Structure formats: structure tokens, C-alpha cells
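A short write-up of the structure that comes next.
The values are calculated or read from the model by the stated rules, or taken from the named source; none is laboratory data. Everything numeric in this text was worked out from a predicted model, so none of it was measured. Neighbour counts run over all protein chains shown; Cβ positions are idealised from the backbone, glycine included.
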Amino acid sequence: MSFDVPTDRRYLESHEWTTTDGDSVRIGITDFAQDELGDVVFVELPADGDEVTKEGEFGVVESIKAVSDLVSPISGTVVGVNEDLFDAPELLNEDPYGDGWMIEVEPSDDGEFEDLLTADEYREQTE
Amino acid sequence: MGLRKPPLHAIHADLDASFTEFGGWEMPVEFDSIRTEHAAVRESAGIFDVSHMGELVVSGPDATELMGRLTTNDVTELDAGDTQYACITDDEGVILDDTMVFRLPDGVALRSTSSRPAADGDSSISRTDTPTDSEGHPHYLFIPNAGHDAEMYTRWIEYRDEWDLDATVRNATEEWAMLALQGPDATDLAAAVTDGATNDIDRFQAAFCDVAGVRCFTSRTGYTGEDGFEFLVPWDDAETVWSAFDCQPCGLGARDTLRLEMGFLLSGQDFDPADEPRTPYEAGVGWTVDLDTEFVGRDALEAVEREGIDERFRGVVLQQRGVPRHGYEVVDADGERLGHLTSGTMSPTLGEPIGLGYLSTEQAPPGTRVRVVVRGEPKQANVVTPPFIDK
């Protein structure tokens, strides 16, 4: 089975993605991750203003069969939360790279983004 | 030790199923999605490969006594072709496993026509060693849970010898595949490939019938709360029977959410002699205990029945977001412990988080508002008596 790995973003080995507009970054989980989890039924995310740290846990995603910690690809301050996921966690299955985004973070260290896996590097890992 | 595989393993892999280890077997956990599979069983029909369930055959003049003394229910109530749910308890009355006991049809051997060599490679083990019992002695089949077949085989043999009983016990687990067809359309689907033979099988009854030309031991039983059948199929013919039903293939994931909505116990999780030692009374299946019969654990259970229980198996429905899971604590408004959960999920049918577990009989009867502690946070929940859905 092959999974969607868009080239416009960077990845973490633990299956989170990030995009940046040069200012803040958006974080979510990959197509591979949502498929592994199966039907997502619950998402726990930090609140606006909370700090996240690179490789630190920033939330939890639960499917019918599994509980999985979410790992932050970068350090910074949360400036946006996708609250739609609380009522419609299935967005993570339906559109993991779009409407299923999780949080927006103002990075404290811009250099961290460049350290993340490229789409090619991440794809290799999931094959 | 390698995992045991069901005969349909390659067929499931071709369907892109994901697999999980369960009771020493590598079994399909999900074919499409748990939600899709679950809905198919509640609304139309689904088929499960449950070949990881054990099959032990007990025959001979003392078969009834041996079965009766090792299970909690009254096996003498069974007529030929009847089935009965029972617990297998130790001397303390703690459940070792729960099982379906079948009294086999008279005069018919339960033997697989499969030509597959015996699992241990010993071709001298005959597959026809179950007597047809022309003497008229009842003979039995019982179904231990995944991974319990060898343990129960040993238990039956040891007690047979200790009590000096004349009975034959055979572990037929790897002679038979077991397929479960479940859902409101199951009876029509089964009738279509059995020339209507399954229509003559009532609930909790069993009979031999030809399914797509394969002789199967067929019972009108299941683990989903829906009508349906469980087929014991000769190992090598599993594909013929599996393919005969045009319906949703389902994995152990949906099997778990379906049984959870019904409040059915899962061996090794909702009770376990080491990690969750419980009597049938605590586990909510005291109705399987017949104290008028003699069986291992009877005296201990009589005392439990007389003295009462502190905790009982209950359901909880969360009123706040979260998913109840195995091991979560249940507390009152002041944080005082009331019990803990042994199973939980987001109910696909209800769209509500549901859990099962052992709660204080005194402080948390059905109707009580409690808190389930999810990752340190108490979430409001109501105590209920399962099933969670109307069936």
C-alpha cells in the first residue's frame, strides 16, 4: 500500500508533519499514521499559549483500537488549535494533511525546521 | 515460539488485512475499518475468522461426569445438539476461562475430514478416534478461548486420571477452522448455501450441515449480540466456506467493539486468573453457576454466594470526551477509588465512550455518577448495566 507524502512539508520519524509559511508552523499527522491508527475517535491538544518542545509530547490521538502520543517536531508557543477535531476527529482520517491539521506554533528556533526529514527521507522510512 | 496461523491467513493477507497477535495466534484485526466492519454486522452481515478458538472433544462412558465436574453449569441439562455457556473455575472459584459447551448430536463423530497431517507430525494420531458412541453415552465439544486449548486439555486429562474416569479427551483445535457469520442477514445468507438446513437450527442449538458442500458443525451462537452462526469447518476446506458468503470480512477489532457493546466478557482481559482473578458472581455470570452440581470451585463459590461480593462487573458511559480503556481507575467526586475498568472503547453504534469493569457493589450501583480517570483527569460517567445497546 502506498501513502500520500506531500513534498511541501517536513516530517518526523514518529509520523508528524509540519509546514511553514515562514512565520508560524502547522503540525499534523501523516497519511501513514492515520491509516495505522484506524478510525480516530478522540484528540487531545494543547491550548493557545502553551509551550511545546521539539520531540516532546504535545497531545494524544486515540482510535478505536489504539492510544498514541503526539510528538512535536519543533519547539515554540501554540498560536492556533484546530478545534474542529474535537467534534469531528474523523477529519484526521479523511484529510490528514488539510482539514485534519492539529496545531499552529510560533517556533522559538527557526533552525529546527530544516533538521526535519524531507518527504523523500520520510517515505523511505515508511516503505 | 512461532505464532499459530489460521488456515485462511494467506487469503486475509491478500485482502490487505492487518494482523495482530492474540492468544499465540496471528489473526486479522482489521480488513477495512473497524467502524465499517462493525456497522456491517449490526446492519447486514459480517464474517469473522475465529480459528484461534480451541476445540476439545470429550467422549466415553464418563464424559458427562468429567464435563460436569470441570464446568460450573449443569451439563446434564443438555440434550443432544444443545449448547451451554459455562465457566471453568479453580478450587477458589476463580474463572480460568469461559467456554461454550456443546452436547454433540448422538451417533455422529465430530471428526474433521481434513487430510492435513496432525500438528505434531504424528500421523498415527487418528482423526477418527472420537467414538460415535453407539453405546448412547453423551459426548461433548467445548470451546476454550485462544491460547487456552493446551492448558484445558491438560486440565481435563489430569482430572480424568485423578478421578479415574473412563473418558477420551482430544484437542482438535488444529483440525478445525472456525468461522462466525453474524448479523441480521446471517440467517438468509446461511440458508442460501445450506439448502435451508440452517433454518432448522434454533438459538443455542447446533447440528451438522453441508455449507457450500462442506460438512460443518454449525451452531446458532456468536459473540456480537446479533443472530448468526458459528461454523466448525475442516481445516483444509476453510476457504470454500469463507468464500461462500458474500458479506463484509471482519477482524478481531470489530469483534471486540461488538462484544463490548453487549457487555460480553473477554477472557484474559475482563477476567484472568493472574491479573484479574474474579469469580463468576463478580464477573456478572453467576447464572452459569449451578451449586446443585459438583464441580471444582463449587464450595468456594457457595461461600461467595452466601457472603456476597464487594465488586461487580458493570458498564460505564462517559459524559465527557475521552475513551475509557483497560486499567483506568474509577473514582467518586472526592477522588475515592470505586473500582477500575478492564475494557473500553468508543461505541461505534452509539458514538459514545463506553467501558466495562469492576465497581464497588455498595458505592457504585447502576445509576451512580462516577469519574473515570483518563490520563490523570477525572471524566464524568454513569454506571449502567450492560448491554449498552438494545438487543
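Return the residues of the range B:326-354 that are touching a residue at least 40 places away in the same chain (Cβ under 8 Å) and either in contact with a His (Cβ under 9 Å, 6 or more places away or on another chain) or outside any strand (DSSP E or B) (or both); say none if nothing qualifies.
Of everything in the range B:326-354, those that are touching a residue at least 40 places away in the same chain (Cβ under 8 Å) and either in contact with a His (Cβ under 9 Å, 6 or more places away or on another chain) or outside any strand (DSSP E or B) (or both) turn out to be B:H326, B:Y328, B:E329, B:V330, B:G335, B:T342, B:S343, B:G344, B:S347, B:P348, B:T349, B:L350.
Within the range B:53-79, how many residues turn out to be surrounded by 19 or more Cβ atoms within 10 Å (Cβ to Cβ) and free of Cβ contacts under 8 Å to residues at least 24 places away in the same chain?
Adding up the residues that qualify gives 0.
Anything in the range B:160-181 that is closer than 11 Å to B:L66 by Cα and in a strand (DSSP E or B)? List them, or say none.
Across the range B:160-181, the qualifying residues are B:T168, B:V169.
Among the candidates B:V323, B:V373, single out the residue that is more than 30 Å from B:T36 (Cβ to Cβ), aliphatic (A, V, I, L, M) and more than 23 Å from the chain's Cα centre (by Cα).
Residue meeting the stated conditions: B:V373.
From the residues in the range B:251-293 that are hydroxyl-bearing (S, T, Y) and touching a Pro at 6+ places or on another chain (Cβ under 6 Å), which one is farthest from the other protein chains (Cβ to nearest Cβ)?
Residue satisfying both the conditions and the ranking: B:T288.
Identify the single condition in (1) in a loop (DSSP other than H, G, I, E, B); (2) in contact with a Phe, Trp or Tyr (Cβ under 6 Å, 6 or more places away or on another chain); (3) farther than 29 Å from A:L85 by Cα that B:P365 does not satisfy, given that it satisfies every other one.
With (1) in a loop (DSSP other than H, G, I, E, B); (2) in contact with a Phe, Trp or Tyr (Cβ under 6 Å, 6 or more places away or on another chain); (3) farther than 29 Å from A:L85 by Cα applied to B:P365, the lone miss is (2).
What single numbered condition from (1) within 14 Å of chain A (Cβ to nearest Cβ); (2) on the phi > 0 side of the Ramachandran plot fails to hold for B:Q320?
Result: B:Q320 fails condition (2) only.
Collect the residues in the range B:3-43 that are part of a strand (DSSP E or B) and within 11 Å of chain A (Cβ to nearest Cβ), keeping them in residue-number order.
Passing the criteria: B:S18, B:T20, B:V29, B:E30.
For residues in the range A:71-90 being in contact (Cβ under 8 Å) with a residue 12 or more places away in the chain and within 10 Å of another protein chain (Cβ to nearest Cβ), which is farthest from B:P348 (Cα to Cα)?
Looking at the filtered set, the residue picked out is A:F86.
Test B:L350 against the criterion of being under 25 Å from B:E261 (Cα atoms) and not assigned by TED's automatic domain parsing to the domain that holds B:W163, and give yes or no.
Judged against the criteria, B:L350 is a match.
Applying the selection to the range A:24-73, what residues are of a type in the set (S, T, N, Q) and in a strand (DSSP E or B)?
Listed by number, the residues that qualify are A:S63, A:S68.
Listed residues B:P138, B:P117, B:P105, B:P131; which is within 30 Å of B:G284 (Cβ to Cβ) and at pLDDT below 95?
Just a single option satisfies the conditions, and that option is B:P138.
Mind listing whichever residues of the range A:4-23 are in contact with a Ser or Thr (Cβ under 6 Å, 6 or more places away or on another chain) and assigned to a loop (DSSP other than H, G, I, E, B)?
Selection gives A:R9, A:H15.
Let's see how each residue does on (1) surrounded by fewer than 23 Cβ atoms within 10 Å (Cβ to Cβ); (2) more than 24 Å from A:R123 (Cα to Cα); (3) not acidic (D, E):
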| site | (1), (2), (3) |
| --- | --- |
| A:S24 | yes, yes, yes |
| A:G28 | no, no, yes |
| A:A33 | yes, no, yes |
| A:E44 | yes, yes, no |
| A:K54 | yes, no, yes |
| A:V60 | yes, no, yes |
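Would you be able to say whether some residue in the range B:334-342 is away from chain A (no Cβ under 14 Å), farther than 24 Å from B:Q380 by Cα and among the charged types (D, E, K, R)?
Checked against the condition, which is being away from chain A (no Cβ under 14 Å), farther than 24 Å from B:Q380 by Cα and among the charged types (D, E, K, R), the range B:334-342 yields no hits at all.
Scan the strands (runs of 3 or more DSSP E) fully inside the range B:218-318 and keep the ones with 2 or more residues being of a type in the set (A, V, I, L, M, F, W, C).
In the range B:218-318, B:228-234, B:311-318 are the strands (runs of 3 or more DSSP E) which contain 2 or more residues that are of a type in the set (A, V, I, L, M, F, W, C).
Filter the range B:277-304 down to the residues that are more than 21 Å from B:P387 (Cβ to Cβ) and among the aromatic types (F, W, Y) and list them by number.
B:F295
Between residues in the range A:53-70 that are within 13 Å of another protein chain (Cβ to nearest Cβ) and residues that are surrounded by fewer than 17 Cβ atoms within 10 Å (Cβ to Cβ) and aliphatic (A, V, I, L, M), which pairs lie under 9 Å by C-beta distance while being six or more apart or on different chains?
Between residues of the range A:53-70 that are within 13 Å of another protein chain (Cβ to nearest Cβ) and residues that are surrounded by fewer than 17 Cβ atoms within 10 Å (Cβ to Cβ) and aliphatic (A, V, I, L, M), the close pairs are A:V60/A:V67; A:V61/A:V67.
Do you know which residues across the range B:369-388 are in contact (Cβ under 8 Å) with a residue 24 or more places away in the chain, part of a loop (DSSP other than H, G, I, E, B) and out of contact with any Lys or Arg (no Cβ under 8 Å at 6 or more places or on another chain)?
Scanning the range B:369-388 gives B:P387, B:F388.
Here is a yes/no grid of residues against (1) modelled with pLDDT under 95; (2) in contact with a helix residue (DSSP H, G or I) (Cβ under 6 Å, 6 or more places away or on another chain); (3) aliphatic (A, V, I, L, M); (4) within 30 Å of B:F208 (Cβ to Cβ):
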{"residue": "B:T240", "(1), (2), (3), (4)": "no, no, no, yes"}
{"residue": "B:G253", "(1), (2), (3), (4)": "no, yes, no, no"}
{"residue": "B:S267", "(1), (2), (3), (4)": "no, no, no, yes"}
{"residue": "B:P273", "(1), (2), (3), (4)": "no, no, no, no"}
{"residue": "B:Y281", "(1), (2), (3), (4)": "no, yes, no, no"}
{"residue": "B:G284", "(1), (2), (3), (4)": "no, no, no, no"}
{"residue": "B:V289", "(1), (2), (3), (4)": "no, yes, yes, no"}
{"residue": "B:R298", "(1), (2), (3), (4)": "no, no, no, no"}
{"residue": "B:D310", "(1), (2), (3), (4)": "no, no, no, no"}
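Which one is nearest to the other protein chains (Cβ to nearest Cβ), of the residues in the range A:10-42 that are among the β-branched types (V, I, T) and over 12 Å from the mean Cα position of the chain (by Cα)?
It comes out as A:V41.
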